[in-house]
Amino acid sequence: MSDDEMTAAPETASRRGRTRTTDLTTGSPGRGIIAFSLPLLGTALVQLLYSTVDLMFVGHVLGTEAAAAVGASGLIVTCLIGMFTGLGTGTGVLVARHFGARRHSQVERVMHTALALGLVGGAVLVPVMIAAAPALLAWLNTPAGILSMAVVYVRIYLFGLVGIVVFNMGAGILRAIGDSLAPMLCQLLGGVVNVLADALLIIVFRWGIVGAAAATLTSQTLSAVLVLLDLCRPDDRYRLHLTRFHLHRVTLREILAIGLPSGMQALVITLSNAAVQYRINGLGIPDIAAFTVWFRVENLLYMPIMALGQAASTAVAQNLGAEDRARTRRAIRLCCLIGVVVTVVLAAALLLASRPILGMFTADPDVIALATGIARIIGPCYMLFALMEIVSSSIRGAGRALPPMIIIVSALCAMRVVLLMALPKVFGTVSRVALLYPLSWMVTDALLLGYLLARRAVLWGGPTGRAPGAHGPC
């Protein structure tokens, strides 16, 4: 069936497709966004399980220094994953747009090109990053007492980079066609394996920090294999064929047009966090451990926001593909409203129970006290981050990844780095460093909302605006 025939008969094609697929171009927008977001949240919580269980085992069984080593080394992996997550964003926008327009043969082409790009890129970077790990950790000002443990942890973790990339790419494709349940189920099984492997390798075999990294490597690789198998299952509209992996030139260019700015944004955000980590690493091991523990707990707020951001991007891309401008604007407003309500409720609950929650990750009272101070500064401001993520994701869903990248890099990242460098004595404690986050969110929100209001007709149509992206990326 040709693309034109698919467009002419979307209901027939939909009936023959995946039963788990959510079409965000029809039905109640609010109900569709919530139904789509819940499995995304489940996936994110299972992903959180990977790092959380590691830290709980490491912090309680191996001690504060091992927990600090995990925290100090995690930034390198986050930097790499951020680049490929950005490319996954470009993939997801293209897939969702073609799906909304019922161009299913194009969905298949994007699928094969994106996964080929992920496999090649991951395989090239793994040996380079393994060799560079000691120098990078030293550059991050990692204390000498935990440097060797951090190098071991990050090198083992990097062996799983290809699996992480493949899972994120594959899961992004599934979500773009409205199937947010399959990635959650794959991650759930991987999470169970992660818990069992942690208990076996750390407690029974006493492998120490090597066991924590190996457990995560095993579980993430399993999740990637399961996602590939799901994409290979029969579907008369689109299906992954392992023999058809190919870097299609036009499709690759379209992916990179959206994905590279998103990936660069993620990379620069991570580098700005590296500047923060550098400052924290210079304060002492308890401060490193406190920051690490807080950012594990913070994921309880972060994950729902990321789920809503993904839902907003998918809803915008699908509805612009279907050329429904009014529904696009309504979906954005609903995502922002839900994001604010969810973050306010979760932040209040987290602050009320901060000490017992933080105590799950460490028994050190000094670390708990420092992490509680960080929570009181950042937690109440998380609604600002929710608006930032949802608005920027909506703009990317419209196929315009460069403007939010410029705004976020300049306002969010540059501001943090400049303040840390210019005022080192002012930001000389872990609590004062934490102030950088709400300050930079506030400035970024103001600029993003200004851009949104000024360019709304171009992005998703005003009184006379045409829906962009119906025939390719903007």
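How much length, in nm to one decimal, is gained on full extension between Met360 and Ile34, taken as 0.36 nm per residue of separation minus their Cα-Cα distance?
The Met360-Ile34 span can extend by a further 114.4 nm.
Treating the beta-carbon of each Lys and Arg as +1 and of each Asp and Glu as -1, no other charges, what is the dipole magnitude of the chain about its Cα centre, to the nearest 20 debye?
Value, rounded to 20: 960 debye.
In what sequence, highest mean first, do 360-370, 384-394 appear when ranked by Cβ atoms within 10 angstrom?
Listed from highest to lowest mean packing, they are 384-394, 360-370.
Against the longest principal axis of the chain, how steep is helix 104-139, in degrees 0 to 90 to the nearest 10, with axes from Cα atoms?
For 104-139 against the chain, the angle is about 20 degrees.
Go through Thr372, Thr429 and list them by solvent-accessible area, largest first, probe radius 1.4 Å.
Correct descending sequence by accessible area is Thr429, Thr372.
Tally Lys and Arg at +1 and Asp and Glu at -1 over the other residues with C-beta under 14 Å from the C-beta of Ala44: what net charge comes out?
0
Can you give the convex hull volume per residue for the Cα atoms of the range 187-271, as a whole number of Å³?
Convex hull of Cα atoms, per residue: 156 Å³.
Using packing as a proxy for protection, rank 57-67, 162-172 so that the peptide with the highest average count of other Cβ atoms within 10 Å comes first.
162-172, 57-67
Which order do Asp230, Asp324 take when ranked by solvent-accessible area (1.4 Å probe, heavy atoms of all protein chains), largest first?
Asp324, Asp230
Distance between Cα centroids, the range 284-300 to the range 307-357: provide it in whole Å.
Cα centroid of the range 284-300 versus Cα centroid of the range 307-357: 26 Å apart.
Pull out the extension gain between Trp207 and Leu283, defined as 0.36 nm times the separation in residues minus the alpha carbon to alpha carbon distance; nm, one decimal.
Stretched out fully, the Trp207 to Leu283 stretch lengthens by 24.4 nm.
Could you please put Leu271, Leu158 in sequence from largest to smallest accessible area, using a 1.4 Å probe?
Leu271, Leu158
Report, to the nearest 10°, how far helix 285-297 tilts away from the longest principal axis of the Cα atoms in the chain, using its own Cα long axis and a range of 0 to 90°.
30
Multiplying the sequence separation of Met442 and Met421 by 0.36 nm and subtracting their Cα-Cα distance, what value in nm do you get?
Roughly 5.5 nm would be gained on extension.
Mind giving me the nanometre distance, one decimal, between the label points for Leu453 and Phe159, set 7 Å out from Cα along Cα→Cβ?
Those two pseudo-labels are separated by 5.4 nm.
Accessible surface of Glu298 in the full protein assembly, 1.4 angstrom probe, to the nearest 10 Å²?
Number for this one is 20 Å².
If I take R0 = 25 Å and measure r between the Cβ atoms of Glu65 and Ala414 in this structure, what FRET efficiency does the formula 1/(1 + (r/R0)^6) give, to the nearest 0.05?
0.15
Using per-residue counts of other Cβ atoms within 10 Å, averaged over each peptide, order 209-217, 181-189, 279-287 from highest down.
Top of the packing list down: 209-217, 181-189, 279-287.
Contact order normalised by length for the range 157-290, with contacts defined as Cα pairs under 8 Å and 6 or more residues apart; what percent is it?
Relative contact order for the range 157-290 comes out at 25 percent.
For the chain, find the longest principal axis of its Cα atoms and tell me its angle to the long axis of helix 249-281, 0 to 90°, nearest 10.
Orientation of helix 249-281: about 20 degrees from the principal axis.
Mean separation of Cα pairs under 8 Å and 6+ residues apart, divided by the residue count of the chain: what relative contact order is that in percent?
The value is 23 percent.
Using helices alone, what [θ] at 222 nm do you get for the chain, with -39,500 (n - 2.57) per DSSP H run of 4 or more residues, divided over all residues and rounded to the nearest 500?
The per-residue figure over the chain is -26000 deg cm²/dmol.
Please compute the volume of the convex hull spanned by the alpha-carbon atoms of the range 49-154 and report it per residue in Å³.
Convex hull of Cα atoms, per residue: 104 Å³.
The values are calculated or read from the model by the stated rules, or taken from the named source; none is laboratory data. Keep in mind that what you see is a predicted model, and the values were worked out from it rather than measured. All Cβ positions, even for glycine, are placed from backbone atoms using ideal geometry, and neighbour counts span all protein chains on display. Note: areas computed on protein heavy atoms with side chains; ligands, DNA, RNA excluded. Shrake-Rupley method; radii C 1.70, N 1.55, O 1.52, S 1.80 Å.
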